[in-house]
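Student: One structure coming up, written as structure tokens, with questions to follow.
No value in this document is a laboratory result; all are computed from the given coordinates. This is a predicted model, so every value here is computed, not measured. A quick note on method: Cβ atoms are made from the backbone with ideal geometry, for glycine too, and the neighbour counts reach across all protein chains shown.
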Amino acid sequence: MPVIKPFCAVRPAKEYAGRIAALPYDVYDRKEAKVEVSKEPLSFLEIDRAETQFDDSVDIYADVVYERARDTYLSMKRDGYFITDERPCYYLYELTMNGRTQTGIVGCASIDDYINGTVKKHENTRADKEVDRIRHVDTMSAQTGPIFLAYHADMTVAGVVAKVKETDPLYDFTAPDQIRHRVWMISDDADVKTVADAFSSMDSVYIADGHHRCASAVKVGLKRREENPGYTGEEEFNFFLSVLFPDDELLIMDYNRVVKDLGGHGSDEILKMLEGFGSLTEKGKEPWHPVRKGEIGVYIAHTWYAFSFDPQYFSDDPVLGLDVSLLQEHILRPYFGIEDPRSDKRIEFVGGIRGLAELEKRADETGGIAFAMYPTRISELFAVADAGKLMPPKSTWFEPKLRSGLFIHEI
């Protein structure tokens, strides 16, 4: 049963929340992060990506970078940009994008639940990608980027959410990307117990996004246990910062593919090959996005096509039945020679937030082919995780992105 506990958050003073809140550290490359910090000096990227405070001759993984992150954080706390709540609470974090709202419970999940599989994952992580965040969390003694968790919608939790939303929010601001962010505190003892009990009655919760951040937080927690052999399990390093959203409020966007060449085939040959797997209809110059599972938009030689797999290729297996798996197993591997999409430099992954024009642009630049996917459903993500299996890389793109810097969990 999941343990989701309240905590004493370090969070921005109200007047600074909108300026401090920043997109996750891994959304930007070094140059882009520097631009963001130059536009907003209070951006949390100054802490999450402290190399923005150095010239490019400094290695982004140098010790001095992590030390600067810690020092900047402590300085901002001293100067009143951050405040620390005095009693453990939950928080509500509401995001509104294009008129659609999702509201999560902010709390701390147990590293033991991650280890024993009560917090279920659907992706593997790479050790080299974990090292940076391990060092960041360990040096700062704080978790700064919340893990995006999901759960089966629960009426008890929904009741507390509705009640708390009738009160005034702690924060209410619209970010430059026009996403509105509102935050409330859940501090009433009865409400706190209701939320804790509701989560503890569930079988599991699911990592929706942030697998590497989660694995890093867990590894720091295990490191702290080794350093403190008399630990009780109640220390803050035994828990990681999370925002938990009900599945019926979440939006997964398409995660599209562009192959930079045609794998040695002509475009007519590829179109004929596709017809061998299902139906193919020319759509012309107008971008076409699939409207149901099993459909793929194909862009090749400046022309769009609607493609749908024949039912015989579908599978009841939670992984093999995913549209991204159908594409990989029947098209990309045998006809384009893409054995491992994680490492093959010929394939690019494009989040649906960028639109279909981005697919056209990238395919046209290289003379390649683009595939517009139907979004993976949250029920499919749950099914893969419940089966103890892993999704193919880049199967889900969640929007909107959670901001870093609104909630900090010190360990």
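Student: Taking the highest mean first, how do the peptides 182-191, 43-52 order by number of other beta carbon atoms within 10 angstrom per residue?
Tutor: On the way: 182-191: 16.6, 43-52: 25.1.
Descending mean neighbour count gives 43-52, 182-191.
Student: Further question on the same structure: Which ³J(HN,Hα) values, rounded to whole Hz and listed in residue order, are derived for region 10-23 from phi using the Karplus coefficients 6.51, -1.76 and 1.60 in 6.51 cos²θ - 1.76 cosθ + 1.60 with θ = phi - 60°, glycine and proline given as x?
Tutor: Going residue by residue, I get 8, 8, x, 4, 3, 5, 10, 4, x, 7, 7, 3, 9, 4 Hz, with x marking Gly and Pro.
Student: Hey, if you put +1 on the Cβ of every Lys and Arg and -1 on every Asp and Glu Cβ in the chain, which of MET391, SER325, VAL243 ends up farthest toward the positive end of that dipole?
Tutor: Positive-most Cα among the choices belongs to VAL243.
Student: Just want the ordering: CYS89, CYS214, from fewest to most Cβ atoms lying within 10 Å of their own Cβ.
Tutor: With the fewest neighbours first, CYS89, CYS214 line up as CYS89, CYS214.
Student: Something else about it: HN-Hα J couplings of region 191-199 from phi, Karplus 6.51/-1.76/1.60, θ = phi - 60°, integer Hz, Gly and Pro as x?
Tutor: Taking θ as phi minus 60°, the curve returns 5, 4, 5, 4, 5, 4, 5, 5, 5 Hz for region 191-199.
Student: Given the C-alpha centroids of region 330-352 and region 54-84, what is the distance between them in whole angstrom?
Tutor: Rounded to whole Å, the Cα centres lie 38 Å apart.
Student: Here is a further query. Relative contact order for region 35-185: what is it in percent, counting Cα pairs under 8 Å that are at least 6 residues apart?
Tutor: 24 percent
Student: Quick one: of LYS283/LYS389; LYS129/LYS283; LYS260/LYS285, which pairs are farther than 30 Å apart, Cα to Cα?
Tutor: LYS283/LYS389; LYS129/LYS283
Student: Treat the count of other C-beta atoms within 10 Å as a stand-in for reagent exposure and order GLU358, GLU130, GLU32 from fewest to most.
Tutor: GLU32, GLU358, GLU130
Student: Roughly what % of Cα-Cα distances in region 255-374 sit above 16 Å, to the whole percent? It would help to have the intermediate numbers written out before the result.
Tutor: Details: 4081 of 7140 pairs.
That fraction is 57 percent.
Student: So for region 1-147, taking the charge dipole from beta-carbon charges (+1 Lys/Arg, -1 Asp/Glu), which of GLN143, TYR114, SER43 sits furthest toward the positive end?
Tutor: So the residue we want is TYR114.
Student: Right, something else. State, to one decimal in nm, how far the label point of LYS345 lies from the label point of ASP364, with both points 7 Å from Cα in the Cβ direction.
Tutor: For LYS345 paired with ASP364, the spin-label model returns 2.6 nm.
Student: Quick one: compute the contact order of the chain, relative version, from alpha carbon pairs under 8 angstrom and 6+ residues apart, as a percent. Each step should come with its number before you reach the end.
Tutor: On the way: 766 pairs, mean separation 99.0, N = 411.
Relative contact order for the chain comes out at 24 percent.
Student: Please report the spacing between the Cα centers of region 174-211 and region 13-29 in Å, no decimals.
Tutor: 19 Å
Student: Sequence-distant or interchain residues sharing an amide H contact under 5 Å with VAL350, placed H: which?
Tutor: Residues meeting the amide H criterion: ASN256, ARG257, VAL258.
Student: Over region 253-392, what relative contact order in percent results from Cα pairs under 8 Å that are six or more residues apart?
Tutor: Relative contact order for region 253-392 comes out at 41 percent.
Student: Output wanted: per-residue J couplings in Hz (rounded whole) for region 365-373, from phi through Karplus 6.51 cos²θ - 1.76 cosθ + 1.60, θ = phi - 60°, x for Gly and Pro.
Tutor: Each residue of region 365-373 in turn: 4, 10, x, x, 9, 10, 10, 8, 9 Hz.
Student: Let me ask something additional. Which residue, GLY278, PHE309, TYR299, has the largest displacement toward the positive end of the dipole of region 255-374 when charges sit on each Cβ (Lys, Arg +1; Asp, Glu -1)?
Tutor: TYR299
Student: Separate question: Can you list the aspartates and glutamates whose alpha carbon is less than 16 Å from that of LYS163, not counting same-chain residues fewer than 8 positions off?
Tutor: GLU94, ASP154, ASP188, ASP189, ASP191
Student: Rounded to the nearest 500 deg cm²/dmol, what is the calculated helix-only ellipticity per residue at 222 nm for the chain, with -39500 (n - 2.57) per DSSP H run of length n ≥ 4?
Tutor: Per the formula, -9000 deg cm²/dmol.
Student: Also, quick follow-up: Where the only charges are on Cβ atoms (+1 Lys, Arg; -1 Asp, Glu), what is the dipole of the chain about its Cα centre, to the nearest 20 debye?
Tutor: Value, rounded to 20: 360 debye.
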